[in-house]
Amino acid sequence: MGKLTSVRFKVTQRWASFLIAGGDWETTRVELIDAESQKAFFKATGQQSENLRPVVVDLEKQLGKEIFIRLVDEQKGHW
């Protein structure tokens, strides 16, 4: 359990993609955070599967801004 946060970086491309797996609870998620407001503008969870699935995010509104990635695991119990 815990949170892992990336360094801030400037968005230079419109699209981002990553792979995700695991549980589908709000307590286990990937967040993209606007560095200025510190608010999440995108969240993704798994789908109760160990198989990685692709996620694609449109970052057009964040172009030129700084963001960071946060991985959140607050789930107690399985997964």
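What the table shows:
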read-out	value
For the chain, accessible area per residue (1.4 Å probe, heavy atoms of protein chains only), Å²	69
Of all accessible heavy-atom area on the chain, the percent that carbon and sulfur account for (1.4 Å)	51
Label point distance in nm, ARG8-LEU63, each placed 7 Å from Cα along Cα→Cβ	2.2
PHE9 accessible area, 1.4 Å probe, all protein chains in place, Å² to nearest 10	80
15 Å Cα-Cα reach of LYS39 towards aspartates and glutamates, excluding residues that sit fewer than 8 places from it in its own chain	GLU31, GLU66
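The values are calculated or read from the model by the stated rules, or taken from the named source; none is laboratory data. Here the structure is a predicted model, which is why all the values come from computation and not from measurement. Positions of Cβ are generated from backbone atoms using ideal geometry, with glycine treated the same way; all protein chains shown enter the neighbour counts. The accessibility values were calculated without ligands, DNA or RNA, using every heavy atom of the protein model including side chains. Shrake-Rupley method; radii C 1.70, N 1.55, O 1.52, S 1.80 Å.
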